[in-house]
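Visitor: One structure, pasted below without further comment.
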Amino acid sequence: GSEMNDIEEYTNKEIKSKQSSKLEGIAKGKNVIYISAESLQSFVIDKKVNGKEITPFLNDLIDDSYYFENFYHQTEQGKTSDSEFIVENSMYPLSRGAVFFTHSQNEFNAVPEIIGKYGYTSAVFHANNGSFWNRNVMYDTLGYDHFFDEQYYDVNKENSIGWGLNDKAFFKQSMKYLNNLKEPYYAKFITLTNHFPFELPEEKQNIDKLETNSKTLNQYVTTVRYMDESIKKFFQHLKDSGQYKDSVIVIYGDHYGISQYHDAATSKFIGKEIRPFEHTQLQRVPFIVHIPGHEDDRVISKPAGQIDMKPTILNMLGIENQKDIQFGTDLFTNDQDPFVVLRDGSFISENYLYAKNVCYDRETGEEVESKKCEPLKKKAQKELDYSDSIIYGDLFRFYDFKNKQMDLNKAEK
Ligand code: GP9
Ligand code: MN
């Protein structure tokens, strides 16, 4: 019990020190649509290949949305499933293995379960085998009402690319299920076409490949473009079905697509030498919050991460969440002290970026004395350890969220 008290005190202090959000309740009663954009990294946003934008739709959408340009994925070996775990729980994934496999029987306090109590229907749409990443088991644990997996889709040779159903057919075929969900809903769409090895039939390529020494990076831009076109079509489907205006649409990259093995090529593309500083900056993925009819939209530069999505979205829905145990913060609060920890212990604060034992000035990228990063290094490790303890000890099994206390009888029930 005493470790849980420490964790509670730590997360409480973090939550309490933040001011209230200016977007609190803005999405109250609205549908929430998440698009988990496979392998989408920020370095392709607003970039061109031979004069053509790689992500024309997203670039335009960003102008009409909140866009976090310093938003980091925090995943490890569990890849997409880690991103899902982080986003739903505001906790860190494990440093090895995937929580979706190793701790699917734990007690959690995930978003689908919380908002279910406020009348929300929750659903995941993903046209892959339902047992991939143990999703069919873990989604029950997280409190999802529906999982539209591969079985719900008409998948054939003509409409498949790479790993399975192409994203355009995926969004199109999803609409009949989405239209039948009881509103308000919380629906997560997980795309698939922009997955390694990023192979797209020639006739579907609407942008030139890059010409670096990495075939992977060269092809990546073509599948990113395909995903961008698919998301554009999805927005049109939502408008046609009348759901667009009643929804808040959130798009985020799940994890990197281009690994460090391609650093030479990536370096050429971004025009920078890749040190641990740049490697960490390459872990940025887009995070776009689009609120139809909302005007006050802009680019936000403070460091943020996937772990912040749960508190951010819950506050937008006007769901009081002070009693949660979480490691993220509502990104729409005026947080003077942003802090993002990556699973390998790297971190990004307002002033510093720490990676591979080097402390950098975040603004200039220059190395600074390592003692400047020391206190935050300890804090980062503490957060990761606390989160690990909850998972390894299944501590929520004994925790009463309503009264914020350990309840040893709870596990018996
Ligand atoms: C598989 C899809 C891709 O269903 O989520 O998984 P990944 O390899 O990116 O973790
Ligand atoms: Mn993925």
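The values are calculated or read from the model by the stated rules, or taken from the named source; none is laboratory data. Predicted model, so just to flag it, every value in this text is computed and none were measured. Quick reminder, even Gly has a Cβ in these numbers, built from the backbone with ideal geometry, and neighbours come from all protein chains shown. These area figures cover heavy atoms from the full protein model, side chains too; ligands, DNA and RNA do not enter into them. Shrake-Rupley method; radii C 1.70, N 1.55, O 1.52, S 1.80 Å.
Visitor: Classify the stretch 199-338 from the C-alpha gyration tensor, please: rounded if a/c falls under 1.5, else prolate or oblate depending on whether a/b exceeds b/c.
Guide: It is oblate, given that a/c is not under 1.5 and a/b is not larger than b/c.
Visitor: Could you tell me the relative contact order of the stretch 306-347? Use alpha-carbon pairs under 8 Å, at least six residues apart, and round to a whole percent.
Guide: 40 percent
Visitor: On the full set of protein chains, 1.4 Å probe, figure out the accessible area of VAL358 and give it in Å² to the nearest 10.
Guide: Counting only protein heavy atoms, VAL358 exposes about 30 Å² to solvent.
Visitor: Shape verdict for the stretch 65-140, please, from the Cα gyration tensor: rounded (a/c under 1.5), prolate (a/b greater than b/c) or oblate.
Guide: It comes out rounded by the Cα gyration axes.
Visitor: For the chain, what does the helix formula give at 222 nm: sum of -39500 (n - 2.57) over DSSP H segments with n ≥ 4, over the residue count, nearest 500 deg cm²/dmol?
Guide: On the way: 12 runs with 133 residues, N = 413.
After summing the helix terms and dividing by residue count, I get -10000 deg cm²/dmol.
Visitor: Taking a 25 Å limit on the Cα-Cα distance, which of the listed pairs LYS209/LYS239; LYS13/LYS310; LYS28/LYS172 fall beyond it?
Guide: With Cα atoms farther than 25 Å apart: LYS209/LYS239; LYS28/LYS172.
Visitor: Once neighbouring chains are kept in place and the probe is 1.4 Å, which whole percent of the accessible area of the stretch 302-413 is contributed by carbon and sulfur? Walk me through the numbers before you get to the answer.
Guide: Details: 2270 of 5110 Å².
Ligands and nucleic acids excluded, carbon and sulfur reach 44 percent.
Visitor: So what is the accessible area of the chain per residue, in Å², with the probe set to 1.4 Å?
Guide: Details: 17390 Å² over 413 residues.
Per residue, the chain has 42 Å² of solvent-accessible surface.
Visitor: Counting DSSP beta bridges in the stretch 95-233, what percent are antiparallel, to the nearest 5?
Guide: About 20 percent, rounded to the nearest 5.
Visitor: Net charge near PHE147, counting Lys/Arg +1 and Asp/Glu -1 over other residues with Cβ under 11 Å of its Cβ? Please list the in-between numbers first.
Guide: Working: positive: ARG135, LYS188; negative: ASP140, ASP145, ASP149, GLU150.
Here the charged neighbours net out to -2.
Visitor: With a 1.4 Å probe and all protein chains left in place, how much of the accessible area of the stretch 162-280 comes from carbon and sulfur atoms, in whole percent?
Guide: 48 percent
Visitor: Kindly identify the stretch 80-183 as rounded, prolate or oblate by the Cα gyration tensor criterion: order the square roots of the eigenvalues as a ≥ b ≥ c, call it rounded if a/c is under 1.5, otherwise compare a/b with b/c, prolate if a/b is larger, else oblate.
Guide: Judged from the Cα gyration tensor, the stretch 80-183 comes out oblate (a/c at least 1.5, b/c at or above a/b).
Visitor: Testing the spin-label approximation: label points 7 Å from Cα along Cα→Cβ at GLN151 and ASN357. State their distance in nm.
Guide: The two pseudo-label positions are separated by 5.1 nm.
Visitor: Now a separate question. Rounded to the nearest 5, what % of the DSSP beta bridges within the chain are antiparallel ones? All intermediate terms of the calculation are to be shown ahead of the outcome.
Guide: On the way: 24 of 48 bridges.
Antiparallel bridges: around 50 percent, rounded to the nearest 5.
Visitor: Under a crude label model (7 Å from the Cα following the beta-carbon direction), how far is SER301 from SER131 in nanometres?
Guide: The modelled label-to-label distance comes out at 5.0 nm.
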